[in-house]
1. Name the long-range amide H neighbours of Tyr80: under 5 Å, sequence gap of 5 or more, or other chain; modelled H, no Pro or chain starts.
2. Starting from the 7 Å offset along Cα-to-Cβ, what nm value, one decimal, do you get for the label separation of Ser37 and Ser79?
Amino acid sequence: VEVPRVDIIDYLASCGVSARLERAAGEDVGKMDLLLSRLCDLEADMAIMGGHGGHALSSLLGSDTRYVLEHMTVPVLLSY
């Protein structure tokens, strides 16, 4: 079954959430480093993120999830 692609910015707007796409200009910065840096810039109190995986903890912690948890700059509420 093929799942149609969704423009996340449009989807969030339809839910009443104002969002915009940001990219690191001219820098070789990974997406998770950009996220963690932005959390600091915004003086965020917490990050809320979802993870995906099976029932075992090792399969829950995908590379992006693991990276954020190892380098987090604010507390992280994780749900899967």
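1. Those lying under 5 Å, H to H, from Tyr80 are Gly51.
2. The two pseudo-label positions are separated by 2.9 nm.
Readers should treat all values here as calculations from the given coordinates under stated rules, not as data from a laboratory. Just so we're clear, the structure is a prediction, and the values are computed from it rather than from any experiment. Note: ideal-geometry Cβ built from the backbone for every residue, glycine included; neighbour counts use all protein chains shown.
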